[in-house]
Structures are given as structure tokens and as C-alpha cells.
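Taking it in order: structure first as C-alpha cells, then the write-up.
The values are calculated or read from the model by the stated rules, or taken from the named source; none is laboratory data. These numbers come from a predicted model, not from an experiment. Reconstructed Cβ throughout: ideal geometry from the backbone, glycine too, with neighbour counts over all protein chains shown.
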Amino acid sequence: MKALAWHGTRDVRVDTVPDPTIEQPTDAIIRVTSSGICGSDLHLYEVLGAFIDAGDILGHEPMGIVEEVGSEVTHIAKGDRVVIPFNISCGHCFMCGTGLQSQCETTQTHEYGTGAALLGYTKLYGQVPGGQAEYLRVPQAQYGPIKVPEGPSDDRFVYLSDVLPTAWQAVEYAAVPDGGTLLVLGLGPIGEMACRVAQQRGVERVLAIDLVPDRLERARAHGVEAIHLEEHDDLPGYVRELTDGRGPDAVIDAVGMEAHGSPVGRLAQRITGLLPDAVAQRMMQTAGLDRLAALNLAIELVRRGGTISLSGVYGGAADPLPMLQLFDKQVQLRMGQANVRRWIDDLLPLVTGDDDPLGVEQFATHHVPLDDAPHAYEIFQKKEDGAFKILLRP
Ligand SMILES: NC(=O)c1ccc[n+]([C@@H]2O[C@H](COP(=O)([O-])OP(=O)(O)OC[C@H]3O[C@@H](n4cnc5c(N)ncnc54)[C@H](O)[C@@H]3O)[C@@H](O)[C@H]2O)c1
Ligand SMILES: [Zn+2]
Ligand SMILES: [Zn+2]
């Protein structure tokens, strides 16, 4: 089959590799019909090379048709249409039982001390072959796959794999009080969907910050007060002016470790990219190399006693954090990978009805064949050609 594989920093290629097969009775094989490219894939493309091997297949936002199931998989069968959650969770351990599927104890990667394995996401998360491919082996398929109805386009459902539950959890964790204000940092797919989910859930005032003009415009088109990161001399002062002098009740950071405006972090990330893997891994795990501009901005902007909800991914260890400010402002901080299955019952009615309240059908800007995936990565990373959300069609 054809699959999109990592070969080096900013080097991904469509390779021909063996078709996946059932390895465990809990596996399923699906023929992939749509597969998203995510901001999280850009971390692999740019900075996480130390944890990935040439030839590793990327992709964690797939959906498709079941081809084959193992003997212990009973809730789906050949021919079913399914969406696959990006975290691989068992559904029966302590963590899955408490709704923390991203911490699944059956699939944790003990070697790196990390949570649940993820599709297509480095040695840190189990080095499981991903879904930007013609076929995918789905581990723990007795629990993970979400069955969706025939009929509507893939665009209706594919975001159940990641974007929708991530945005939903970001808003849940933000805990905006009744009548309160939410500010979202980053208007990529996650940030924009978090704005939409917040509005759908009754948050009347949603502000957001980014620096890509067409992303600001997209958000304004659905009622978000979108602010350019670099067009105000005193951004925190400007935001306070808009929010009764206090700052927003909650801030969602949907940017993560490659934030614009962190020169030291950027240099460290570049240097790590040049080191041998073992040295770079150590440096990453002990010396830290996040660009903290977005998180620092969130800490600065949130009102005293407010909540910061982090969905942007961070990867370093020893980054200096403004502890004085966090403590003094009595900030509440919540974060983590989305617990995909936990939010599916809340989300399914919003994507199956006729009215499409979250606008998923118009969400993607590009649908491209798998063969064009290397170019798609490039334009998504450079934010060229209006690339906002790209779905691959293997
Ligand atoms: N927690 C989870 O489960 C989960 C799931 C999916 C994605 N993510 C993470 O969410 C983040 C966003 O994902 P995405 O697909 O929307 O990616 P993206 O790269 O398209 O979006 C990031 C946006 O942040 C903007 N930005 C950069 N620096 C900024 C700054 N200093 N202030 C404000 N905005 C800034 C960029 O212009 C861009 O529009 C990534 O870090 C990704 O890894 C987390
Ligand atoms: Zn993703
Ligand atoms: Zn589990």
C-alpha cells in the first residue's frame, strides 16, 4: 500500500510499504477514506525528529471502512463506516473507566513514562503506524472505533478523531462561568473549533488571537472578536480594556510548543534538530525546548482566579515558568491530550443532525490525494495557499 512516512526534518514522502495485517485478536484493519493533517503532525515535521525513525508512518485523524476484524472485536464488522480516535485506549482499565482515555493503562508507553499510545506519533507514544495511508491497523479495536452512519460526506465525521473532542475538552477544561468571557490563543483548526464549540455551548463572548490574516477573518465570520498578535503595542492592556479591566475569565492555548515569538526556544529547537537522536532526546527531556510565548501570554492575559486550558502540545522539561505570576494570580491550569471517546456522546448529535451547527462540512480548505501529501505538509506548515485544514483522500 501507499503511506506517508517521515524521513527527516521537513521531509515526508509517500512510500510503498507492506499492507497491515491483524496481529492481535483486538485489532481491526480499515481502508482509509479520509485522513487529516494536524498541527500535532507539524511538531513531528519540525522538532520531534529525535523520537521518530525514517519510514515511520504518520497520521492520527483517520476514518474509513472496516475490512477485517480480529476475533475479539464485536461492535464493528466488515463494511462498517468508522472514525478512529487518535488515542489508543482499551475501554476497561482504571483510567478509561474514569474517562481519562488518553492515560489508558493498557497502552501507556512505559519506556518513556508517557500516557496512552497514539496513532502515528513517535516512540514517545508507542511508535504505532499512523493513518495517512491506504490501510490502517487499529489496535484496541474492541473499543476505539466510532461507528458513523452511511450517507453524509466524510467531512461530517472525520473530525471526531481529534479536532472535535480536543476542542470540546479545551472548552470543558476552560470552565467559563455563566456570562463569562473566553479568549482563545491560536486560530488553527483546534483554536477555531474551540471558538465554535464555546459559542455552541452558550459562551456569548469569545475573543481570539493569531497572526495569520485569513485565520483571523475566518473566525470573525462567525462572531469571534479576533485580534492580531502584533498590531497592538500593549496587547495585554488592549485585551484588559475589552474585558472590564480584568482580562478574560478563561484562556485556551491552542498554539503549543512552536509559538511565534520565542527566539531562544526556536534556536534550541533548531540546534536539537542537528544533534544525534540520543543526545537530542536527552536535551529535550531534561533541558526543555518549548517556545513558551503563547503560554506566557495566556498567563499574562487571564484574569486573576481565571482558568487556563492548554490543548497546544508542549514537549520540553525545564522551561522557566513565571511561577510568581501564576501563584499570585491564583490561576487554575488544566491540560492534556484529548480523551477522545469521553466526548463522543456529546459530539455525535452535533454532527449527525441536518443543521451542522459546528460547520464541519465547510471546515476543510483542501482535499488532496495521498500522493500530494508532501506538498500539503509544506503549505500547511508555511500557512500558504490558504491552507487551514487539509484532508488527505487515500
Ligand atoms: N491536546 C490534544 O489532544 C491536541 C490535539 C490536537 C492538536 N493539539 C495541539 O493543538 C495545537 C494547535 O493545533 P492546530 O491543528 O490548530 O495547529 P496550527 O499550527 O494550525 O495552529 C496554531 C496557530 O497558532 C498561531 N500562533 C502561533 N504563535 C502564536 C502566538 N504566539 N499567539 C497566538 N497565536 C499563535 C499560528 O499562527 C496558528 O494559526 C498544536 O500544538 C497541536 O499539537 C493538541
Ligand atoms: Zn491531530
Ligand atoms: Zn484503558
Residue among PHE380, PHE327 that is in contact with a strand residue (DSSP E or B) (Cβ under 6 Å, 6 or more places away or on another chain), aromatic (Phe, Trp, Tyr) and in a helix (DSSP H, G or I) = PHE380
Candidate set: segment 221-245, residues that are loosely packed, with under 13 Cβ neighbours inside 10 Å, of a type in the set (D, E, K, R) and on the phi < 0 side of the Ramachandran plot; chosen: the one nearest to ligand 3 (Cβ to nearest atom) = GLU230
Report the residue count in segment 122-171 for those that are within 16 Å of ligand 3 (Cβ to nearest atom) and at positive phi.
-> 2
Give ILE65, ILE88, ILE57, ILE52 a once-over and let me know the one that is under 18 Å from SER161 (Cβ atoms) and either at pLDDT below 95 or within 16 Å of ligand 1 (Cβ to nearest atom) (or both).
-> ILE88
State yes or no: is GLY39 surrounded by fewer than 22 Cβ atoms within 10 Å (Cβ to Cβ) and either in the same structural domain as TYR143 (by TED's automatic domain parsing) or touching a Phe, Trp or Tyr at 6+ places or on another chain (Cβ under 8 Å) (or both)?
-> no
Quick one: GLY315 ticks every box in (1) of a type outside the set (Ser, Thr, Tyr); (2) crowded, with 21+ Cβ neighbours inside 10 Å; (3) modelled with pLDDT under 85 except a single one, so which number is it?
-> (2)
Of the numbered conditions (1) over 30 Å from VAL66 (Cα atoms); (2) part of a loop (DSSP other than H, G, I, E, B); (3) of a type in the set (S, T, N, Q), GLN142 fails exactly one; give the number of that condition.
-> (1)
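Quick one: in segment 28-41, which of the residues that are within 10 Å of ligand 2 (Cβ to nearest atom) and not small (Gly, Ala, Ser) is nearest to GLY79 (Cα to Cα)?
Taking the candidates together, the pick is ILE37.
Would you be able to tell me the number of residues in segment 58-75 that are crowded, with 22+ Cβ neighbours inside 10 Å and more than 16 Å from ligand 3 (Cβ to nearest atom)?
Total satisfying the criteria: 8.
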Residue that is surrounded by the most Cβ atoms within 10 Å (Cβ to Cβ) [pool: residues in segment 322-343 that are within 14 Å of ligand 1 (Cβ to nearest atom) and more than 17 Å from ILE252 (Cβ to Cβ)] | VAL340
Checking VAL203 against (1) outside any loop (DSSP other than H, G, I, E, B); (2) more than 15 Å from ligand 1 (Cβ to nearest atom), which single condition isn't satisfied?
-> (1)
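Kindly indicate whether VAL302 is touching a residue at least 12 places away in the same chain (Cβ under 8 Å) and farther than 23 Å from GLY97 by Cα.
Considered against the rule, which asks whether it is touching a residue at least 12 places away in the same chain (Cβ under 8 Å) and farther than 23 Å from GLY97 by Cα, VAL302 comes out as yes.
Please work out if HIS7 is under 22 Å from the mean Cα position of the chain (by Cα) and within 23 Å of HIS366 (Cα to Cα).
Details: under 22 Å from the mean Cα position of the chain (by Cα): yes; within 23 Å of HIS366 (Cα to Cα): no.
In short, no.
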Result of the Cβ filter at 6 Å on segment 118-135, keeping first residues that are under 19 Å from THR166 (Cα atoms) and surrounded by 24 or more Cβ atoms within 10 Å (Cβ to Cβ) and partners that are aromatic (Phe, Trp, Tyr) and at pLDDT 95 or above, at least 6 apart or interchain, is LEU118/PHE86; LEU119/PHE86
Answer yes if at least one residue in segment 25-34 is of a type in the set (S, T, N, Q) and assigned to a loop (DSSP other than H, G, I, E, B), and no otherwise.
-> yes
So, first residue within 11 Å of ARG342 (Cβ to Cβ) in segment 84-97, second residue among the β-branched types (Val, Ile, Thr) and near ligand 3 (Cβ under 9 Å from one of its atoms), Cβ within less than 7 Å, six or more apart or across chains; the pairs are SER89/THR107
